[in-house]
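Worksheet for the structure shown next.
Derivation of every value follows stated rules applied to the coordinates shown; laboratory data play no part. The shown structure was predicted, so the numbers you read here are calculated from the model rather than taken from an experiment. Cβ: placed from backbone, ideal geometry, glycine included. Neighbour counts: every protein chain shown.
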Amino acid sequence: MAKEEDKDQKKKLSLSPEDIERLELLQKANEKKGQQLTIADTGDLKEINEVKQLIGKDFENPEEKYQLYYKGIRNLLMQYLPKGEMYEDGRQIIYDEKNIFLNRGKKKSDGDGIRGSDGRMTYQENMSEILDLILKWVTESQKPIELYNMLYELNEKYGYGHEAYDNTNISYDNAVKKIKES
């Protein structure tokens with residue numbers, strides 16, 4: 001045991017000042033990540049969170065997401081879209097357009113019926129934008145076709161496309177494009 005301690009002591013003594021400086025720098029590099037000290041305009045030292053600055057925005061708030069999705073988007077759609085089995089297909093088409101937007105263009109038709117994304121986990125800014133659109137629809141018309149058209153236009157605006165159910169989608173898309181062009 002005493003021999004091992006002597007070897008360790010010799011290794012420590014044999015380090016050059018440059019080696020010691022490198023080791024100190026490596027130890028400091030592990031101390032605090034993502035934070036940087038800077039001098040504020042007042043001359044005081046100020047700590048900056050580099051990670052937040054790189055992202056450029058605040059982190060997502062799970063509680064706010066829950067409120068936006070369940071208490072806002074989902075609740076309003078369930079409350080104002082027509083109820084009953086007779087309207088189920090129409091509601092689903094509207095939900096699909098909503099989900100394409102919330103999932104930033106991911107469609108079920110792209111992955112054999114699996115979207116591979118969840119609209120409840122999307123960015124808050126997307127949720128806020130679609131909630132504003134739904135609120136506008138609720139206050140102005142409450143006609144399902146108008147909500148569909150609003151969602152359709154929103155997806156067009158971002159280049160997300162639409163769900164492909166059958167050939168009627170292509171006909172509808174072409175008709176909408178012709179109307180816009182005229």
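Starting from the 7 Å offset along Cα-to-Cβ, what nm value, one decimal, do you get for the label separation of residue 158 and residue 24?
5.2 nm
With +1 on the Cβ of every Lys and Arg and -1 on the Cβ of every Asp and Glu, and nothing else charged, how large is the dipole of segment 62-177 about its Cα centre, in debye rounded to the nearest 20?
With only Lys, Arg, Asp and Glu charged at Cβ, the dipole is about 220 debye.
Report the net charge of residues surrounding residue 158, where surrounding means a beta-carbon distance below 14 angstrom and charges are Lys +1, Arg +1, Asp -1, Glu -1.
So the surrounding residues net to 0.
Pairs 106/178; 106/136; 106/157; 83/180; 143/177; 98/157: which exceed 20 Å Cα-Cα? Before the final figure, lay out each step's value.
Working: 106/178 25 Å; 106/136 25 Å; 106/157 15 Å; 83/180 32 Å; 143/177 22 Å; 98/157 14 Å.
Where the Cα-Cα span goes over 20 Å, the pairs concerned are 106/178; 106/136; 83/180; 143/177.
Which value in nm describes the separation of the simple spin-label points at residue 182 and residue 166, placed 7 Å from the Cα toward the beta carbon?
2.6 nm
If you bin the C-alpha pair distances of segment 92-156 every 10 Å from 0, what whole percents do you get?
Going from the shortest bin to the longest, the percentages are 22, 53, 23, 2.
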